[in-house]
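The values are calculated or read from the model by the stated rules, or taken from the named source; none is laboratory data. Given the structure is predicted, the values throughout are model-derived calculations rather than measurements. Quick reminder, even Gly has a Cβ in these numbers, built from the backbone with ideal geometry, and neighbours come from all protein chains shown. Only protein heavy atoms, including side chains, enter the accessible area calculation; ligands, DNA and RNA are left aside. Shrake-Rupley method; radii C 1.70, N 1.55, O 1.52, S 1.80 Å.
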Amino acid sequence: MTSRPAEAQHLRDLAWLRRVRDRIDRDYAQPLDVEALARGVNMSAGHLSRQFRLAYGESPYSYLMTRRIERAMTLLRAGDLSVTEACFEVGCSSLGTFSTRFTELVGVPPSVYRRQAEGATAGIPPCVAKKVTRPVRNQEAPAAGADLA
């Protein structure tokens, strides 16, 4: 059986982890790192990373990069920005890291995605388009060359 103080601490930790996740969702385009996120909830970076992974199945950094890639996908589908502009708009400071992570999650490089995505969601309600175009985590993207249409 779990003691009441341990259960209460676990619930407090979950509340802090939700705050971290909410901050990532809100401030994804800002320079964020695990140390800064941990300071914001009075945890060590290692403890935050372990607890976040237990609660959400991925590290805070991976979650942040997924949020950035999701937003970049939206920007690239709109076609108003270049890949480089989208990279910096979502808070990435390295085009190489952005392109690598984008390819891991989406299955194609951002430049290919931009070309293929033009008009792919035309006529689809935004709530459905968001669900259909959401990147897949943990390198589960379809093989390269898969069509978006």
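Below are the figures for this structure:
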item: Residues located in region 1-42, provided they are open to solvent by less than 80 Å² (accessible area, probe 1.4 Å) and among the charged types (D, E, K, R); result: Asp13, Arg21, Asp22, Arg23, Asp25, Asp27, Asp33
item: 1 or more residues closer than 30 Å to Arg115 by Cα, small (Gly, Ala, Ser) and at pLDDT below 95: qualifying helices (runs of 4 or more DSSP H) within region 1-98; result: 60-78
item: Subset of region 99-149 [at pLDDT below 65, crowded, with 16+ Cβ neighbours inside 10 Å and over 15 Å from Ala78 (Cα atoms)]; result: Arg137, Ala141
item: Residues (surrounded by fewer than 17 Cβ atoms within 10 Å (Cβ to Cβ) and free of Cβ contacts under 8 Å to residues at least 24 places away in the same chain) located in region 43-56; result: Ser44, Ala45, Gly46, His47, Arg50, Arg53, Leu54
